[in-house]
Every structure is written in C-alpha cells, then in structure tokens.
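Heads up: the structure comes next, in structure tokens.
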Ligand code: NAD
Ligand code: UFG
C-alpha cells in the first residue's frame with residue numbers, strides 16, 4: 001500500500017515510516033518541519049534501505065495537499081501532524097485549535113475530493129479525561145480535558161467519527177496512544193524535542209547525557225505505591241508496529257474504530273528513573289518538586305481490543321525502552337542538529 005504520513009518527520013511518524021517500509025509498504029512524508037527536520041527523513045531512508053518521497057508543506061494548505069494526492073495514488077493517510085505540548089496549548093489555545101483541527105479538516109476534504117479511502121489518526125489517552133476509572137477501555141465516554149491540546153484530540157475524534165458516519169466508503173481508525181518513549185534500536189532516529197523537554201523520558205535522557213543538571217519530579221505525595229505518578233509507557237517501535245496493523249485493518253474495514261495502544265502495565269516516575277540509570281550506567285540526579293497542574297496520579301490502558309482485533313500487542317520491556325532511548329541520546333547528544341548543522 002502507499003501510505004501518506006502527515007507529520008511523518010516527527011518522533012512517532014519517523015518510526016512508523018521505518019516499520020511500514022519494513023513491512024513492504026511505500027510511504028510519502030508531508031511535513032512543514034515546525035517540530036522536526038529533513039535530516040530525520042534522510043535517516044528513515046537509510047534505515048529502510050530505499051529512498052523516501054518527502055514534501056515540505058503545511059497540511060493546512062489545501063491546494064498543496066490536493067496536488068500531492070493528485071500526483072500519488074494514496075491508499076491510506078496517517079495523521080500525525082499536530083502541535084502536542086500540553087502547557088503551550090494553555091498559553092496558545094488558538095494556535096492549537098487552528099493547527100490541529102484545520103489539518104484534520106483539510107486532510108478529510110482533500111481525501112474526499114481525491115478518493116482516498118482511509119485515515120489512521122494519532123489520538124491520545126488524554127481523551128479519557130479526568131473522570132474515567134483506569135485501566136481505560138475504548139467503550140468509556142470521552143471525559144473533560146484539562147487543557148486545549150486534549151480538547152483538540154477529543155474534537156478531532158468527533159470530526160473523524162462524523163465523517164465516517166456520513167461517508168460509507170470511508171474507513172477511520174482512531175489510535176489512542178498512551179506514553180510513547182524509546183527509539184529505534186539503531187540509535188539513528190529518536191525523540192528530539194526543541195528547547196526544554198516537557199515529557200519525562202527526554203528530560204531524563206538529557207540529564208544523563210549532561211545537557212541538564214537535574215530532573216525535577218513533579219510530586220511525591222500521590223496515592224501511588226511510591227508516591228510518584230504512574231503511566232503506561234510504550235516503546236515507540238511497538239507503537240509504530242500498531243500503525244502497520246491499523247493501516248492493514250483500515251484497508252478491509254469501513255466506519256470508525258477506536259483502539260488503545262498501550263502495554264497495560266504502569267510504571268512510576270521513580271521506577272523510570274531507576275530503570276534508566278540501570279540501562280545507561282549513568283546516574284540521573286533528581287529532586288522532588290511540587291505537583292504539576294493537570295497531572296493525574298495514574299492511568300494505564302486496557303489493550304485487549306487491539307490484541308483481539310488488530311492482532312497487536314506491545315512486546316518491548318521497560319529495559320528495552322530505556323536502553324534504546326540511551327543509545328539514541330548518547331549517539332546524538334544534541335539530537336539531529338549534531339549532524340545536520
Ligand atoms: P512530533 O512533533 O515529533 O511530530 C509531529 C510532526 O507534525 C512534526 O514533524 C511537525 O513538524 C509536523 N507538523 C505539525 N503541524 C504541521 C502542519 N500544519 N503541517 C505539516 N506538518 C506539521 O510529535 P509526535 O510525538 O511524533 O506526535 C505525533 C502525533 O501523535 C501528534 O498528533 C501528537 O499529538 C500525537 N500524540 C503524541 C503523544 C506523545 O507523547 N508523543 C501522545 C499521544 C498522542
Ligand atoms: N514528570 C516529571 N518531571 C518532568 C516531566 C514529567 O516528574 O520533568 C512526570 C509528570 O509529572 C508525570 C509523568 O512524569 O507524572 C509523565 O509525564 P509526561 O509529561 O512524560 O507525560 P504525560 O502523561 O503528562 O502526557 C503524555 C503526553 C500527552 C498525552 C498523555 C497521554 O505528553 O500528550 O501522555 O497520552 F496526552
């Protein structure tokens with residue numbers, strides 16, 4: 001199949017491109033490089049052992065998207081192209097609503113005009129909101145979100161479900177990611193956040209490599225076994241494999257389906273720090289600070305539906321996630337910039 005990856009130069013998109021090509025599919029990447037760089041595309045091609053067609057374009061640009069769909073007979077779109085920083089979304093809500101909703105509408109319109117039959121969407125566990133009990137299961141209702149980023153995901157799911165209801169020829173697969181970490185085992189591609197990392201794993205890795213002095217753990221008085229928050233961390237390559245299954249499922253299915261992509265096992269912030277130290281043989285200095293606003297004490301996935309319907313299950317362990325993150329970080333201490341600049 002020919003799969004168009006909107007936002008495919010980013011962290012999850014780049015790993016998905018490699019796994020799709022390893023499974024025998026062809027990919028086209030469309031990215032405006034607002035949170036990534038062309039070097040990532042070069043490395044995808046290097047890992048895949050064949051060239052990758054990439055377009056520098058804004059997915060909100062309908063004329064550009066129509067031209068790309070007219071030039072290529074795309075079978076499926078994966079929509080990764082979003083702004084994703086929770087804190088920034090509180091400060092810049094309009095930018096988040098504009099970019100995330102507009103990319104989705106533009107893709108759906110351009111797909112309809114060009115007869116592209118299926119779309120896989122990067123959603124998030126955040127749509128379960130603050131009220132649902134865990135483990136989260138797909139049949140639970142959307143909850144209320146604590147920030148505009150989360151609301152964009154919730155709204156985009158609604159838009160995609162409505163589009164599938166109205167168009168019997170359209171297949172929509174909504175993938176709710178839990179907490180992706182790790183990197184390709186080669187150390188050639190990985191997560192490369194701009195500025196100070198918001199998320200735990202890239203921060204831990206940057207402390208270990210000497211780019212940051214210490215980690216602040218946001219709260220150690222939660223009602224969890226060690227007092228720190230617990231999350232369902234999933235290896236990004238397992239997540240990428242979930243996309244391969246989702247694309248193949250979408251080809252033989254119509255309507256909208258939702259899948260959690262998680263491991264079903266939570267780890268605490270302290271467990272992550274200690275696992276990282278073990279796997280990198282580096283010490284990670286940390287101190288406890290106040291809770292971060294909007295954080296939930298813990299949540300994790302019920303991942304049974306993806307296993308039953310997609311035949312997908314996360315296989316990699318926490319040690320794999322830490323080892324591969326460290327390989328990427330130690331080989332690329334400044335991210336992609338160390339080679340591209
Ligand atoms: P990322 O920022 O690394 O990748 C997103 C890519 O989209 C970037 O390459 C960026 O340049 C591109 N992009 C953004 N807006 C664009 C636009 N208008 N036109 C063209 N390209 C555009 O993020 P990621 O971690 O790979 O996440 C991918 C998707 O998964 C996002 O939608 C994100 O919200 C979602 N998600 C991520 C996580 C996570 O923890 N990483 C969790 C749940 C959901
Ligand atoms: N944490 C720290 N210190 C840090 C960074 C994070 O203690 O410097 C803690 C947080 O307080 C939280 C845990 O590490 O308890 C995980 O935090 P992340 O920011 O790594 O992940 P979140 O669970 O907050 O959010 C992530 C994505 C969201 C997505 C959500 C659910 O950033 O986009 O997972 O999928 F919505």
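Throughout, read-outs are computed from the coordinates displayed, never taken from laboratory work. Bear in mind the structure is a predicted one, so any value in this text is a computation, not a measurement. Cβ placement follows ideal geometry from the backbone for every residue including glycine, while neighbour counts extend to all protein chains displayed.
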Rounded if a/c is under 1.5, else prolate if a/b beats b/c, else oblate: with a ≥ b ≥ c from the C-alpha gyration tensor eigenvalues square-rooted, which is the stretch 262-322?
oblate
With everything on Cα atoms, drop me the angle between helix 269-280 and the longest principal axis of the chain, reported from 0 to 90° to the nearest 10.
90 degrees
Taking Cα atoms, how many degrees apart are the long axis of helix 38-48 and the longest axis of the chain, rounded to 10 and kept between 0 and 90?
80 degrees
When the helices in the chain are scored as -39500 (n - 2.57) per DSSP H run of 4 or longer and the sum is shared across all residues, what 222 nm value do you end up with, to the nearest 500 deg cm²/dmol?
-12500 deg cm²/dmol
I need the shape label for the stretch 133-218. Rule: rounded when a/c is under 1.5, else prolate if a/b > b/c, else oblate, with a, b, c from the alpha carbon gyration tensor.
prolate
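Of 331, 321, how do they rank once you tally other Cβ atoms within 10 Å and put the fewest first?
Values: 331 14, 321 28.
Ascending number of Cβ neighbours within 10 Å: 331, 321.
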After finding the eigenvalues of the alpha carbon gyration tensor for the chain, what semi-axes result from the square roots of 5 times each, listed largest first in whole Å?
30, 23, 18
Of all C-alpha pairs within the stretch 190-232, those more than 18 angstrom apart amount in percent to 36 percent
Rounded to the nearest 0.05, FRET efficiency between residue 274 and residue 162 (Cβ-Cβ, R0 41 Å) equals 0.35
Based on other C-beta atoms within 10 Å, arrange 286, 69 from fewest to most.
286, 69
Gain on full stretching of the segment that runs from residue 281 to residue 46 - 0.36 nm per residue minus C-alpha separation
81.7 nm
Quick check: the distance between the Cα centres of the stretch 1-61 and the stretch 312-337, to the nearest angstrom?
19 Å
Taking the stretch 77-185 on its own, what percent of its Cα-Cα pair distances exceed 24 Å?
27 percent
